[in-house]
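The values are calculated or read from the model by the stated rules, or taken from the named source; none is laboratory data. Note that the structure is predicted; figures quoted are calculated from it, not measured. Positions of Cβ are generated from backbone atoms using ideal geometry, with glycine treated the same way; all protein chains shown enter the neighbour counts.
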Amino acid sequence: MAVFLQSALSGILIGGVYALTGIGLTLIFGVMRVINFAQGELVMVGMYCTFWLFVLAGIDPFLSVVLTMPALFLLGALLQRTLINRVLDALPQNQILLTIGIGLVLSNTAMLVFTSDYRILSTSYSSSSVALGVIRLSTPLLFCFLITAVITAALYWFLVKTDTGHAIRATAQDRDAAQLMGVNVRYMGVLAFGLGSALAGAAGALVAPIYYIYPQVGGAFTLKAFVVVVLGGMGSIIGAALGGILIGMSESLAAVYIAADMKDLCVYVIFLLVLLLKPSGLLGKSRM
Amino acid sequence: MTALLEVRNVSRFFGGVKANLDVSFSVEQGIVLGLIGPNGAGKTTLFNCITGFYPPSSGEIFFEGQRINGYPPDKVCKLGMARTWQKVRPLAKLTVLENTVVGALCRTNSVAEAQRIALEQLRVVGLEGRAPVLAGGLPIGERKKLELARVLATRPRMILLDEVMGGLNARESEEIIQLILDVKKRGLTQVVIEHDMKAIVRTCDRIVVLNSGEKLAEGVPQEIVNDPRVMAAYLGDSGGAKA
Amino acid sequence: MRTLLPWAVAAVVLALVPLWVQSPYALHIFILLFIAIALGESWNVIGGFAGQYSVGHAAWYGLGAYGAFILLQRKAIAPWFGVWVAVAAAVIVALAVGWITFRLRGPYFVLASIAVAEIIRLAALNWKELTNGAEGILAADVPPLRLGGTVITDWNSKTPYYYMGLAMALFCIAVNFLVKRSKLGYYLQAIREDQDAAHSLGIPLTLSKNTALAISAACTALAGSFAAFYVGFIEPQGVFGIEVSIQMVLTCIIGGIGTVAGPVIGAVVVVLLSEALRASLSSAHLLVYGVLVIIVILTMPDGFVGFIAQRLRRKAAPA
């Protein structure tokens, strides 16, 4: 029983990061109907930023989030203005290919600049854990989840309580109507992609003390983000949050109860099942 | 004599929305039936049910005596019923000829034979000079004609035309009216959704009026045009009828 | 028939190349080119004609490779027989996958295709008894090819691979030619342009898409087996990895999807650029792919062939 609780809880904690990445993806899709295949690579960029801030300036990863997020926001905004904006009316397949291309450029540039060596970011508390009765939860994982919760709450507040947040949601619901109401939808696109990238960067920062850091780590994050978003429903932020936690938990339980190297396989099988049985997801308002 | 198409008590619901409720009518071989009604009356929904894009929620549809509820669109086409679209759907990256060949291939496995049939239909609608042009580059009038040629190439027994005159100017509409009358002379049965009342009166043998998903009236054009209920239905909301 | 002339001339010229060119490196580049062409043309059938962008075609490539290798390894079945069994296996799996995934549209289909390839890759990685897992399989010695009593080749030089590669590339090009002019080709392109309109014109969607997938998977598996034997070693990431799928898609996008010549041009660009930059980029050679795809999608989404065709059309009809 303790084993079950332990792995389920650890899964929920890491699920927070998957949720963050998924929320970013779903935000971008909701506002621009673009499926960003480079989301995982943006996480990777966040990981490297965090790593170098730690190694060169000694800034703790959980603190440097406040630096990484704006940096990734700017990167995302730049990508949107120069590249994504030009394909908003193109075939969705072409949009996907464009973002795949961007992902390839990001990961391979990282390979050239940083080499493929695996990096490890270890802090003083990297291997410590917190006891909760019979369960031990890894400290970095705990911080990770807490900060994720804070960021998600902040995002929710922004979307629900501010004018800009309303404008973004309006654009996501009906682009033309929003434009007729005076919303600058071009700017909303930039904002959405910037925010989506910032969230990916945050995920990268939070996960840097936990995972190996290497240029190709993005790929797995992208696929997991998709599973999360499809499970929760394309365009639904709450759905992505729920989806992230569910996937984190499934992955963790699969690793313990089936086999450690089968956990990815299980996640992809869940993915296919959702796509086939309920493609609109748990809370989705998607149109296929 | 059995009707070619028989629609019996057809209803179609989308969640709580009743798009069609208990609609019944039949279409005899060789006539042109007009299907009119204000926007949102459920005309296109009815077409979609008949041609297999979704099954009716209840009721039955018979074509040539065969019950076709739930048949997929390609099977319905092979049986002999073809439809055009309210919002034209050209196969944009294919040429005018290739578009029509796609239709003709419904009846033959030979591409050469299909090309022959296609050219013939293009001649009927007057587009044979535009055969090598990409469909995506055509103006609206020619797109509508292309759609007509395309369905005619499937050698149907009956065609369903969904607002085939929508968006056309007077001259283009006149050409379409002539085509409908020519096609009728060749023995094809037609069901025509239209808002242009002048065209309806000139081409249709009988008219069925839908309003809010239900059948409001049925009769010959003279009866319908003078029916106060029909006028109320159109004038009651901003229908779009040009009487 | 006039359109066939340039292809015939090219085929003859290429067939004569090994008589003048002896350098193993040059022949190697040609072989890479033939493989890329075969793969591009294979993907074109389902991606270019039918518009179903599978980014998981590595699944068929790898099944072809592993199938033929395992049959040689375990049952000593010569590659020229084993390949066909592997191809058949790939087609059967492809049809099963198609039956499940073709109900999905657009980006959802893309995602599903990626997931399928990943699942197969992970299965290969973990099913160690069959595939040796991450350690991969080294090709057992390929027996000499005999006809009657005489040995045609020992597979000891590049030349036999060159001719097999050329034959395979020409075969895949021919398949594209035939499909494009056939009823299936018209139907696939109609599905690509507007699936609902196509359905209403009497086109059986599932049957058409699955036929295209079967053809595409078969050709991909064939190319995969050939490439595997040429390299001599296979492991899950190398044959099932997403880079393989992406390269196939890129070759077509760059050259021009839905055309017969497009994948050839794309293959030339991709292979030559990759080789030219191999020294400076080494493992980051995919950078070239990324940059290329961005440029092509932004400036000429119909690829080189589409771009030129558009120019010619503008010159012919200035209105």
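A few comments on the model shown:
- Elements of type helices (runs of 4 or more DSSP H) contained in the range C:33-126, each with 3 or more residues being touching a strand residue (DSSP E or B) at 6+ places or on another chain (Cβ under 9 Å) and closer than 23 Å to A:D261 by Cβ: C:58-75
- Tally, over the range B:20-32, of residues that are touching a residue at least 24 places away in the same chain (Cβ under 8 Å) and either of a type in the set (S, T, Y) or buried (at least 22 other Cβ atoms within 10 Å of the Cβ) (or both): 5
- Flag if A:A259 is under 17 Å from C:L122 (Cα atoms), crowded, with 21+ Cβ neighbours inside 10 Å and among the small types (G, A, S): no
- Yes/no for B:L161 being aliphatic (A, V, I, L, M), in contact with a Ser or Thr (Cβ under 6 Å, 6 or more places away or on another chain), buried (at least 19 other Cβ atoms within 10 Å of the Cβ) and within 21 Å of B:R89 (Cβ to Cβ): yes
- Inter-residue pairs, beta-carbon under 7 Å, first within 14 Å of another protein chain (Cβ to nearest Cβ) and within 19 Å of B:I193 (Cα to Cα) and in the range B:47-72, second among the charged types (D, E, K, R) and surrounded by 17 or more Cβ atoms within 10 Å (Cβ to Cβ), 6+ apart: B:F47/B:R83; B:F47/B:D162; B:C49/B:R12; B:T51/B:R83
- Identity of the residue in the range B:121-131, within 14 Å of chain C (Cβ to nearest Cβ) and part of a helix (DSSP H, G or I), that ends up nearest to B:T108 (Cα to Cα): B:Q121
- Here is the figure for the range C:73-87: residues that are under 16 Å from C:A221 (Cα atoms) and surrounded by 15 or more Cβ atoms within 10 Å (Cβ to Cβ) total 7.
- Being crowded, with 17+ Cβ neighbours inside 10 Å, in contact with an Asp or Glu (Cβ under 9 Å, 6 or more places away or on another chain) and within 24 Å of C:A197 (Cα to Cα) is a property that holds for B:F47.
- Whichever residue in the range A:60-119 is in contact (Cβ under 8 Å) with a residue 60 or more places away in the chain and β-branched (V, I, T) and, among such residues, is farthest from the other protein chains (Cβ to nearest Cβ): A:V65
For (1) over 14 Å from B:Q121 (Cβ atoms); (2) in contact with a Leu (Cβ under 7 Å, 6 or more places away or on another chain); (3) of a type in the set (D, E, K, R), each residue gets a yes or a no:
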residue	(1), (2), (3)
B:R143	yes, no, yes
B:A153	no, no, no
B:E163	yes, no, yes
B:S173	yes, no, no
B:L179	no, yes, no
B:K185	yes, no, yes
B:Q190	yes, yes, no
B:D196	yes, no, yes
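- Hey, A:V55 at pLDDT 85 or above, more than 21 Å from the chain's Cα centre (by Cα) and more than 14 Å from chain C (Cβ to nearest Cβ) or not: yes
- Scanning the range A:248-277 for residues that are away from chain C (no Cβ under 13 Å) and among the β-branched types (V, I, T) returns a single hit, A:V256.
- Matching residues, the range C:188-200, being more than 7 Å from chain B (Cβ to nearest Cβ) and either touching a residue at least 12 places away in the same chain (Cβ under 8 Å) or of a type in the set (F, W, Y) (or both): C:L188, C:I191, C:R192, C:Q195
- The set of residues in the range A:158-171 that are touching a Lys or Arg at 6+ places or on another chain (Cβ under 9 Å) and either free of Cβ contacts under 8 Å to residues at least 24 places away in the same chain or within 14 Å of A:L88 (Cβ to Cβ) (or both) contains only A:V160.
- Meets criteria (in a strand (DSSP E or B), aromatic (F, W, Y) and either out of contact with any helix residue (DSSP H, G or I) (no Cβ under 8 Å at 6 or more places or on another chain) or closer than 14 Å to B:R150 by Cα (or both)) for B:F13: yes
- Going through (1) buried (at least 22 other Cβ atoms within 10 Å of the Cβ); (2) hydrophobic (A, V, I, L, M, F, W, C); (3) on the phi > 0 side of the Ramachandran plot one by one, C:I203 falls short only on (3).
Quick grid of which residues meet (1) assigned to a loop (DSSP other than H, G, I, E, B); (2) closer than 17 Å to A:T99 by Cβ; (3) within 12 Å of the chain's Cα centre (by Cα); (4) not aliphatic (A, V, I, L, M):
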| site | (1), (2), (3), (4) |
| --- | --- |
| A:H166 | no, no, no, yes |
| A:A192 | no, yes, no, no |
| A:G196 | no, yes, yes, yes |
| A:A225 | no, yes, yes, no |
| A:L231 | no, no, no, no |
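- All conditions but one from (1) more than 14 Å from chain C (Cβ to nearest Cβ); (2) assigned to a helix (DSSP H, G or I); (3) free of Cβ contacts under 8 Å to residues at least 24 places away in the same chain apply to B:Q115; the one that does not is (1).
- Matching residues in the range B:87-107 - criterion: being surrounded by fewer than 17 Cβ atoms within 10 Å (Cβ to Cβ) and free of Cβ contacts under 8 Å to residues at least 24 places away in the same chain: B:K87
- Some residue of the range C:100-122 being under 26 Å from C:A50 (Cα atoms), more than 14 Å from every other protein chain (Cβ to nearest Cβ) and without any contact (Cβ under 8 Å) to a residue 40 or more places away in the chain: no
- Cross-chain or 6+ apart pairs with Cβ under 7 Å, the range C:216-239 first and in contact (Cβ under 8 Å) with a residue 60 or more places away in the chain, then part of a strand (DSSP E or B) and surrounded by fewer than 24 Cβ atoms within 10 Å (Cβ to Cβ): C:G232/C:L138; C:F233/C:L138; C:I234/C:I137
- Per-region count, the range A:26-50, residues farther than 23 Å from C:I242 by Cα and of a type in the set (G, A, S): 1
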